[in-house]
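The values are calculated or read from the model by the stated rules, or taken from the named source; none is laboratory data. Computed from a prediction, not measured in an experiment: that's the story for all the values here. Cβ placement follows ideal geometry from the backbone for every residue including glycine, while neighbour counts extend to all protein chains displayed.
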């Protein structure tokens with residue numbers, strides 16, 4: 001006589017530290033609606049630091065440099081202060097971020113995707129970081145599986161372990177600088193809290209909106225799309241279908257209208273001798289300058305029901 005044991009679903013736990021931290025940031029950002037805390041200098045700093053921490057820190061460093069290694073920096077140690085700038089965005093340490101994103105590409109829009117819209121828009125946007133299970137917990141095994149190159153580096157391990165110091169120090173810095181001009185709270189709220197919330201939600205839109213709406217140029221085996229307004233908010237990251245088609249390319253905007261400020265920054269770094277080994281997508285263009293999809297693959301359009309796992313299974317069999 002034999003017995004069988006049904007497989008138990010992965011146990012999920014609520015990530016209370018992440019939820020409470022994000023809730024505190026959102027509450028702090030709401031103080032911007034109080035006229036007493038408004039200042040044009042605070043708004044200007046908000047925009048500047050959004051570009052620095054989101055555009056340079058997350059889009060350029062965390063994503064195109066560390067996750068996909070689409071270019072290298074010179075000298076090599078420049079990677080560490082750039083990673084610290086990325087940590088200021090409050091999106092976690094670089095090793096965890098890179099591991100999550102590489103897992104996303106491995107299982108894009110599948111059941112094991114880190115933040116698939118198969119579970120709904122809000123899950124893909126921000127629900128995914130509010131819970132964790134054995135398969136997504138940021139532990140040594142997870143890091144060694146998805147980001148072994150970064151985990152081998154002791155400096156990157158230190159930056160990842162103490163990442164929370166960098167956003168907190170940035171908040172303290174903008175408050176202290178603003179206090180010198182009598183604008184401590186204004187700068188903290190606008191250049192600290194509002195800026196961080198703006199970076200977070202614009203980044204999350206790549207995970208959510210850019211897998212639901214927009215157009216598809218390449219026949220990738222997922223629902224990634226190119227979405228102009230997400231690209232405008234994320235310094236070119238919204239050309240997401242292009243990115244999924246050519247994951248190691250430093251350039252995401254492949255057509256003339258697909259403006260890619262992050263790639264422009266990489267080009268500037270290359271001109272200044274700070275970047276090298278820049279990888280680019282090999283694309284074909286027709287006589288009118290439009291992109292031609294290489295190979296015989298058929299374009300897979302977005303479905304009307306992007307959250308249906310059965311639809312995903314049908315597409316995977318094409």
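Test residue 311 against the criterion of being assigned to a loop (DSSP other than H, G, I, E, B), on the phi < 0 side of the Ramachandran plot and either surrounded by fewer than 22 Cβ atoms within 10 Å (Cβ to Cβ) or modelled with pLDDT of 95 or more (or both), and give yes or no. Talk me through it step by step, then tell me what you get.
On the way: assigned to a loop (DSSP other than H, G, I, E, B): no; on the phi < 0 side of the Ramachandran plot: yes; either surrounded by fewer than 22 Cβ atoms within 10 Å (Cβ to Cβ) or modelled with pLDDT of 95 or more (or both): yes.
Against the criterion (assigned to a loop (DSSP other than H, G, I, E, B), on the phi < 0 side of the Ramachandran plot and either surrounded by fewer than 22 Cβ atoms within 10 Å (Cβ to Cβ) or modelled with pLDDT of 95 or more (or both)), residue 311 does not qualify.
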- Item | Meets criteria (outside any helix (DSSP H, G or I) and either within 19 Å of residue 249 (Cα to Cα) or out of contact with any strand residue (DSSP E or B) (no Cβ under 6 Å at 6 or more places or on another chain) (or both)) for residue 99 | no
- Message: Between 28, 54, which is touching a residue at least 24 places away in the same chain (Cβ under 8 Å) and surrounded by 21 or more Cβ atoms within 10 Å (Cβ to Cβ)?
- Response: 54
- If you go through the range 180-198 one residue at a time, do you hit one that is in contact (Cβ under 8 Å) with a residue 40 or more places away in the chain, under 27 Å from residue 105 (Cβ atoms), touching a helix residue (DSSP H, G or I) at 6+ places or on another chain (Cβ under 6 Å) and buried (at least 21 other Cβ atoms within 10 Å of the Cβ)? yes
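A quick yes/no check of all residues on (1) crowded, with 21+ Cβ neighbours inside 10 Å; (2) within 26 Å of residue 268 (Cα to Cα); (3) more than 15 Å from the chain's Cα centre (by Cα):
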position	(1), (2), (3)
59	yes, yes, no
62	yes, yes, no
75	no, yes, yes
144	no, no, yes
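For the range 258-293, give me the residue count where each residue is at negative phi, surrounded by fewer than 13 Cβ atoms within 10 Å (Cβ to Cβ) and either in a loop (DSSP other than H, G, I, E, B) or at pLDDT below 90 (or both). It would help to see each step written out before you state the result.
We begin by selecting, within the range 258-293, every residue at negative phi; these are 258-272, 274-276, 278-288, 290-293.
Now drop any that are not surrounded by fewer than 13 Cβ atoms within 10 Å (Cβ to Cβ), which leaves 268, 271-272, 276, 282, 284-288, 290, 292.
Keeping just the survivors that are either in a loop (DSSP other than H, G, I, E, B) or at pLDDT below 90 (or both) gives 272, 282, 284-288, 290, 292.
The total comes to 9.
So for the range 203-223 (the condition being part of a helix (DSSP H, G or I) and surrounded by fewer than 16 Cβ atoms within 10 Å (Cβ to Cβ)), does at least one residue qualify? Spell out how you get there, then give the answer.
Restricting attention to the range 203-223, the residues satisfying the condition of being part of a helix (DSSP H, G or I) are 203-207, 209-211.
Adding the requirement that they be surrounded by fewer than 16 Cβ atoms within 10 Å (Cβ to Cβ) leaves none.
No, because not a single residue in the range 203-223 is part of a helix (DSSP H, G or I) and surrounded by fewer than 16 Cβ atoms within 10 Å (Cβ to Cβ).
Exposed (fewer than 13 other Cβ atoms within 10 Å of the Cβ), at pLDDT 95 or above and assigned to a helix (DSSP H, G or I): is that true of residue 172 in this structure? Before the answer, list the steps.
Values: exposed (fewer than 13 other Cβ atoms within 10 Å of the Cβ): yes; at pLDDT 95 or above: yes; assigned to a helix (DSSP H, G or I): yes.
For residue 172, the condition - exposed (fewer than 13 other Cβ atoms within 10 Å of the Cβ), at pLDDT 95 or above and assigned to a helix (DSSP H, G or I) - is met.
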